[in-house]
1. Within the stretch 46-65, identify whether any single residue is touching a Lys or Arg at 6+ places or on another chain (Cβ under 9 Å), of a type outside the set (Phe, Trp, Tyr) and either farther than 20 Å from Leu143 by Cα or buried (at least 20 other Cβ atoms within 10 Å of the Cβ) (or both), and answer yes or no.
2. Report, by residue number, each residue of the stretch 251-287 that is part of a loop (DSSP other than H, G, I, E, B), of a type in the set (Val, Ile, Thr) and surrounded by 10 or more Cβ atoms within 10 Å (Cβ to Cβ).
3. Among the candidates Leu191, Leu136, single out the residue that is among the hydrophobic types (A, V, I, L, M, F, W, C), in a helix (DSSP H, G or I) and crowded, with 17+ Cβ neighbours inside 10 Å.
4. So, of the residues in the stretch 85-133 that are crowded, with 22+ Cβ neighbours inside 10 Å and of a type in the set (Phe, Trp, Tyr), which turns out to be nearest to Tyr211 (Cα to Cα)?
5. So Ala259 fits all but one of (1) more than 19 Å from the chain's Cα centre (by Cα); (2) under 19 Å from Thr169 (Cβ atoms); what number is the exception?
6. Name every residue in the stretch 104-136 that is over 18 Å from Val49 (Cβ atoms), at pLDDT 95 or above and not aromatic (Phe, Trp, Tyr), in order of residue number.
Amino acid sequence: MAAQIGRIHSAADYSLAALLAAKGETTVSVCLPARDEAATIGPIVDSIVTHFGAHGNGGLPLVEEVIVMDDESTDNTTAIAADAGATVFRVSEILPAAGPGRGKGNVLWKSVAASSGDIIVWIDADLRSFTPSYVLGLLGPLLTAPEVVLVKGFYERPEQAGLGGGRTTELMARPLLATFFPDLSVIHQPLGGEYAGRRTILEQVPFAQGYGVETGLLIDIARLVGIDHIAQVDLGIRSHRHRPLRSLSVQAMEVLHAALRRADGIDVAALSTVLARPEGTVIDAQVAERPPLRDFPGYCSR
């Protein structure tokens, strides 16, 4: 049966044994973008390595590599991640010919280049609620339904009484999608950091460098292959570091630009990319985009 975006999966639908049996020759990389996440990175990496590495599954790994992409951490994130079993890369080490970049999307773009898996699973490094079921849920549709190319996780959020998405989702991303891309209104957590995709698709789309990356990827992949090839999985509970409201303004602006860049009839070159506050503070939003990796001369497809 073809996967339909309205059909909701659950992480509980997938067992380790079933996914190992379905995996075949497909390889999997789990990538964690991280900056100053010493408080949470260790248990997440240790859990993935312990549950899904070869040593715990009779020599048959579900996950071939766990990669932490360190974005200039000033704490001991890198040492903790390495001790827990991750391969750690500094963002600046990957595709240096691309020049300097900034933002979460830049880290994700480079994680595709740094990893080798046919499937890439992204997990945010600030999670306090991580369980191995996150990985099982995100991999499930990709390993059992070849027509699925992207899996978006969604969850209950205790700080929101279990309802809706985060503040940037409800106040910016959801209205934007409903206005310009109504077919994507069915996505529960468009900005959620837990999702997975096939390398062959991720190599074909640009990556917004800032917090617009999830919005851009969702829109571009839906246009490329159709929404029926995107699945959603209920991952249960999600709890993470709560950002102050004031810090979300730039995040929302970057989401806005990623969507407007892809909307019809809008001249984004004429739009301001500077967030100015009444007291005189000026912040540059990160709205630049990295090109599709298959078009970048320094990238070799794995």
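The values are calculated or read from the model by the stated rules, or taken from the named source; none is laboratory data. Quick caveat: nothing in here was measured; it's all calculated off a predicted structure. Counting neighbours? That spans all protein chains shown, and the Cβs are built from the backbone with ideal geometry, glycine included.
1. Among the residues of the stretch 46-65, at least one is touching a Lys or Arg at 6+ places or on another chain (Cβ under 9 Å), of a type outside the set (Phe, Trp, Tyr) and either farther than 20 Å from Leu143 by Cα or buried (at least 20 other Cβ atoms within 10 Å of the Cβ) (or both), which makes the answer yes.
2. The first filter runs over the stretch 251-287 and keeps only residues part of a loop (DSSP other than H, G, I, E, B), leaving 263-267, 271-273, 277-281, 285-287.
From what's left, of a type in the set (Val, Ile, Thr): 266, 273, 281, 287.
Scanning the stretch 251-287 gives Ile266, Thr273, Val287.
3. Working: Leu191 fails: in a helix (DSSP H, G or I).
Step by step, each of Leu191, Leu136 is checked, and only Leu136 is among the hydrophobic types (A, V, I, L, M, F, W, C), in a helix (DSSP H, G or I) and crowded, with 17+ Cβ neighbours inside 10 Å.
4. Trp109
5. It fails just one condition, (1).
6. Result: Lys104, Gly105, Asn106, Val107, Leu108, Lys110, Val112, Ala113, Asp118.
For every residue, the table says whether it meets (1) without any contact (Cβ under 8 Å) to a residue 24 or more places away in the chain; (2) touching a strand residue (DSSP E or B) at 6+ places or on another chain (Cβ under 7 Å); (3) more than 19 Å from Leu184 (Cβ to Cβ); (4) aliphatic (A, V, I, L, M).
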{"residue": "Gln204", "(1), (2), (3), (4)": "no, no, no, no"}
{"residue": "Ala208", "(1), (2), (3), (4)": "no, yes, no, yes"}
{"residue": "Leu224", "(1), (2), (3), (4)": "yes, no, no, yes"}
{"residue": "Gln232", "(1), (2), (3), (4)": "no, yes, no, no"}
{"residue": "Gly236", "(1), (2), (3), (4)": "no, yes, yes, no"}
{"residue": "Arg246", "(1), (2), (3), (4)": "yes, no, yes, no"}
{"residue": "Ala258", "(1), (2), (3), (4)": "no, yes, no, yes"}
{"residue": "Thr273", "(1), (2), (3), (4)": "yes, yes, yes, no"}
